[in-house]
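Quick notes on the structure that follows.
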Amino acid sequence: MALASRSARLALARLGRLGLGSCGAPRRGAYEWGVRSTRKPEPPPPDRVYEIPGLEPITYAGKMHFMPGLARPVFPPWDPDWTPPKFRRLPPLHEHPLYKDQACYVFHQRCRLLEGVKQALWLTKTKLIEGLPEKVLSLADDPRNHIENQDECVLNVIFHARLWHSTEDIPKRETYCPVIVDSLIQLCKSQILKHPSLARRICAQNNMLSTTWNRGFREGYPYPYPHTLYLLESANLRPHRFQPDQLRAKMILFAFGNALAQARLLYGNDTKVLEQPVVVQSVGTDGRVFQFLVLQLNTTDLASDEGVKNLVWIDSDQLLYEHFWCLPVVRRKAVVEPVGPTGFQPETFRKFLALYLHGAV
Amino acid sequence: MAAARCWRLVLRGSGLSLHTAAEAAVKAPEVTGPDVAAAPVARYPPVVASLTADSKAARQRRVERWQATVHAAKSVDEKLRILTKMQFMKYVVYPQTFALNADRWYQSFTKTVFLSGLPPPPPARPDTEPAPALDVVALRDAACDCLLQEHFFLRRKKRVPLYLEHEAITSPFLDQLVASLTGLLSARNPALANAALDCKRPVHFYWLRGEEIISHGHRKGRVDALRYQINDKPHNQIRISKQLPEFVPLDYSVPVEIPVMNCKPDKLPLFKRQYENTIFIGTKTADPHCYGHTQFHLLPDKLKRERLLKQNCADQIEVVFRANAIASLFAWTGAQAMYQGFWSEADVTRPFVSQGVITDGKYFSFFCYQLNTLALTAQADQNNPRKNICWGTQRCQ
């Protein structure tokens with residue numbers, strides 16, 4: 001063979017064994033004679049670093065390139081001061097600067113409590129009372145508080161939200177749920193003429209609340225007291241929406257969070273029984289079924305199981321209407337169901353209005 | 001009578017009968033009454049143009065037959081359906097546009113006259129009691145509260161970067177401002193208390209104006225109407241159930257001329273597309289709140305003042321506001337008029353009035369629009385002295 005070095009010959013023989021030529025493509029006469037062996041080629045000898053005590057090794061480190069006769073240098077491990085974020089490893093949990101020994105559980109908008117209302121009540125040391133408090137119910141039944149043509153207005157609102165507000169034939173829940181809640185609040189606000197103190201309210205959407213170590217808004221905010229939370233379940237697919245039980249649990253916990261933040265603001269961070277309980281209301285809906293909730297925070301002492309408990313009044317599963325036909329149901333050329341809601345219950349809106357007017361009347 | 005029976009059958013079937021006009025001509029003398037009794041009744045059907053020939057007269061007859069179906073439509077939905085069901089290539093007009101001098105173009109498209117300043121106040125009626133004094137301090141406090149809430153007090157999950165500030169802060173601020181001002185002012189204006197407030201609901205309008213010669217295609221050389229469509233999404237709008245009173249009478253003649261553009265709308269730039277023709281005010285026709293009160297528009301980041309100054313277009317800042325106002329308010333008032341059954345051959349009998357507020361978060365401009373005519377097609381506009389009027393202010397901080 002013309003090639004002198006053994007490794008080059010070995011490499012070519014390897015390529016040749018694969019049936020490929022010198023550039024990696026198969027040769028013209030690609031078939032090769034000879035016994036094919038499945039034995040793997042032996043690994044190359046490792047470059048060992050020899051440590052002989054007492055002798056200083058002479059390495060090729062200074063020459064900046066390999067030199068056959070000199071020893072292999074050992075460099076100190078390189079510590080890059082910056083890693084790209086893609087390759088960064090997090091330190092183990094207990095070395096984090098903010099690590100605390102006691103675990104803190106975070107509750108956010110998408111948390112579904114498995115046990116539902118029972119779990120929420122235990123977490124917030126609250127006692128459940130079915131039905132709304134008498135004060136609110138009396139507001140609901142008082143005819144002076146009713147808007148004129150209330151039923152007609154509410155029916156118009158339902159029509160608008162379910163059918164009229166978009167060019168599609170059948171609007172989706174993601175659009176009609178916020179529209180119906182906004183329209184109902186607007187309808188309640190039309191009572192401003194009768195009760196001018198309603199004008200001293202403002203609405204804040206999608207804000208972040210983190211209690212236990214922060215307050216809801218900054219100091220000096222002119223509307224510091226939370227009045228009512230409106231929680232919307234507006235996902236189009238049923239599995240993405242919360243079950244009514246889980247929605248009620250979420251409402252309890254968020255109302256509790258708001259009330260606790262308010263209590264911390266008013267009375268400081270120490271746990272005690274409050275002389276003046278804090279009341280927060282909440283309405284949860286998916287556009288058709290409403291859940292009403294009034295939470296009264298009596299104590300911030302949540303560590304112990306005895307003592308004064310917080311109270312919550314829940315009115316659950318109030319249908320505003322049974323079903324809404326966007327297109328008329330026609331059987332044998334006769335209109336069986338006209339366009340509109342079926343099973344309309346005006347009572348639900350009266351409770352909604354009562355919750356809205358509570359505190360201002 | 002045979003003729004009468006034919007006439008009724010034809011009407012019900014909306015048929016392709018060739019004798020529709022003939023029957024009408026025969027029926028008409030009988031209907032008009034005693035003053036025509038002296039005229040002799042024709043004993044043969046009138047000689048009219050063919051319906052299917054390839055001639056201008058035949059085309060005219062077909063157009064008139066189509067217009068007759070629109071006039072005869074029983075409900076507004078049916079009328080709108082007949083007017084918008086045929087789709088052709090049309091210009092898509094964007095109210096919020098970066099095009100230079102877009103307000104002059106839009107004035108010519110919509111036959112609108114622009115007057116600066118606000119419209120003349122209505123004459124004070126002696127029989128009504130004077131309105132209570134406006135509590136400007138309370139209104140200013142409410143506006144400041146809304147501003148501060150969004151910009152400062154509200155805690156958000158993450159700090160909002162500058163390029164997202166517009167949609168994350170200015171947009172909710174405008175929502176809150178509209179809601180709180182509506183609430184505070186409903187004491188003075190009971191219509192506002194019962195108004196419907198829409199957030200980001202679409203407004204669509206489709207109209208025809210002017211003509212062109214088709215330049216290429218199998219219909220090359222023929223005259224074709226120019227079609228326009230506006231698809232707008234105002235940030236907020238207030239709709240009421242009773243119409244706002246007019247600013248000036250319907251046939252008020254304004255000495256100002258409407259700008260006439262001598263080239264095709266493509267030069268604006270304006271592009272043609274073919275898709276669904278929709279006419280929509282924010283709700284469907286069945287809603288009782290079918291008249292408009294005020295629209296609020298938020299200009300996008302792309303058209304903000306600093307960017308225009310950087311592009312050496314300082315004079316276009318006002319143009320952006322005016323073009324947005326003219327296009328959006330024309331679309332809204334036009335759609336309101338069509339919801340009442342008016343269209344280009346059945347022109348409005350009362351003016352339709354709406355207001356608009358256009359802002360970029362810091363500067364506000366106020367506009368009022370009065371729609372006096374919907375007859376913008378070449379055929380209907382031949383003897384139409386009426387013009388639509390838009391009043392507008394300069395931007396105020």
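The numbers here are math on the coordinates, done by the rules we state, and not lab data. Note that the structure is predicted; figures quoted are calculated from it, not measured. So basically every Cβ, Gly included, is an ideal-geometry build from the backbone, and we count neighbours across all protein chains shown.
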Estimated distance in nm for a label pair at B:SER116 and A:ARG27, the labels positioned 7 Å out from Cα along Cα-to-Cβ:
9.0 nm
Sorted from fewest to most neighbouring beta carbons within 10 Å, what does the list A:TRP325, A:TRP313 look like?
A:TRP325, A:TRP313
Segment A:HIS108-A:LEU128, length gained on full extension (0.36 nm per residue, minus Cα span)
5.0 nm
Prolate/oblate/rounded call for the range B:275-370, Cα gyration tensor, a/c under 1.5 rounded
prolate
For the range A:298-348, compute Rh as the Kirkwood radius over C-alpha pairs and then the Stokes-Einstein diffusion coefficient at 4 °C and 1.567 mPa s; write the answer in µm²/s, rounded to an integer.
85 µm²/s
Within the range A:147-181, name every residue whose backbone N is under 11 Å away from a label modeled 7 Å from Cα of A:VAL329 along the Cβ vector.
none
Cα-only Rg/Rh for chain B with Kirkwood Rh rounds to 1.04
Counting other chain Cβ atoms within 10 Å of each Cβ in B:192-199 and taking the mean gives 5
Please give the average number of partner chain Cβ atoms lying within 10 Å of the Cβ of each residue in B:138-150, rounded to a whole number.
2
Contact order normalised by length for the range B:330-397, with contacts defined as Cα pairs under 8 Å and 6 or more residues apart; what percent is it?
32 percent
Column: log10 I(q)/I(0), Debye, Cα scatterers of the range B:53-103, q = 0.18, 0.28 Å⁻¹
-0.77, -1.05
Between 0 and 90°, nearest 10: helix B:20-32 axis offset from chain B longest Cα axis:
90 degrees
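Can you give the translational diffusion coefficient of the range B:58-150 in µm²/s, computed by Stokes-Einstein from the Kirkwood radius over Cα pairs at 4 °C and 1.567 mPa s?
Working: Rh = 20.2 Å.
Value of D from the Cα-based Kirkwood radius: 64 µm²/s.
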Honestly the range A:38-83 on the Cα gyration tensor test (a ≥ b ≥ c root eigenvalues; a/c under 1.5 rounded, otherwise a/b vs b/c for prolate or oblate) is just oblate
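Could you pull out the pairs from A:LYS172/B:LYS90; B:LYS90/B:LYS267; B:LYS304/B:LYS387; B:LYS74/B:LYS387; B:LYS85/B:LYS302; B:LYS56/B:LYS387 whose alpha carbons sit more than 23 Å apart here?
Details: A:LYS172/B:LYS90 29 Å; B:LYS90/B:LYS267 15 Å; B:LYS304/B:LYS387 31 Å; B:LYS74/B:LYS387 29 Å; B:LYS85/B:LYS302 34 Å; B:LYS56/B:LYS387 30 Å.
Violating the 23 Å Cα-Cα cut-off are A:LYS172/B:LYS90; B:LYS304/B:LYS387; B:LYS74/B:LYS387; B:LYS85/B:LYS302; B:LYS56/B:LYS387.
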Give the angle, between 0 and 90 degrees and rounded to the nearest 10, that separates the Cα long axis of helix B:171-185 from the longest principal axis of the Cα atoms of chain B.
80 degrees
Amide H contacts under 5 Å for A:VAL279, placed H, 5+ residues apart:
A:LEU297
Under a cut-off of 20 Å between alpha-carbon atoms, report the lysines in cross-link reach of A:LYS309, not counting same-chain residues fewer than 8 places apart.
A:LYS118, A:LYS125, A:LYS127, A:LYS250, A:LYS272
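For B:MET89 and B:SER253, compute 0.36 nm times the residue count separating them, minus their Cα-Cα distance, and round to one decimal in nm. Please list the in-between numbers first.
On the way: separation 164, 0.36 × 164 = 59.04 nm, distance 3.40 nm.
My answer for the length gained is 55.6 nm.
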Taking just the alpha-carbon atoms of the range B:290-334, what radius of gyration and Dmax come out, in angstrom?
12.9, 42
Over all alpha-carbon pairs of the range B:238-397, lay out the pair-distance distribution in 10 Å bins, whole %, shortest bin first.
9, 32, 37, 19, 2
Expressed in angstrom and ordered largest first, the alpha-carbon extents of the range B:195-302 along the principal axes are 50, 37, 34
Quick one: if you stick a label point 7 Å off each Cα along the C-beta vector at B:ALA72 and B:ASN262, how many nm between them?
4.6 nm
Along the Cα-to-Cβ line of A:TYR225, 7 Å from the Cα, sits a label point; which residues in the range A:251-270 have backbone N less than 16 Å from it?
A:258-267
Which FRET efficiency value, to the nearest 0.05, is calculated for B:ALA191 and A:ASP81 with the Förster distance at 60 angstrom and r the Cβ-Cβ distance?
0.30
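If you take each beta carbon of peptide A:324-336 and count the beta carbons of other chains within 10 angstrom, what is the mean? Write down the numbers at each step before the final one.
Working: counts 0, 0, 0, 0, 0, 0, 0, 0, 0, 0, 0, 0, 0.
Mean number of neighbouring Cβ atoms from other chains: 0.
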Could you give the nm distance between label points at B:GLU246 and A:GLU95, where each point is 7 Å from its Cα heading toward the beta carbon?
8.2 nm
The answer for the net charge of residues other than A:VAL74 whose Cβ lies under 15 angstrom from its Cβ, with Lys and Arg +1 and Asp and Glu -1, is -1
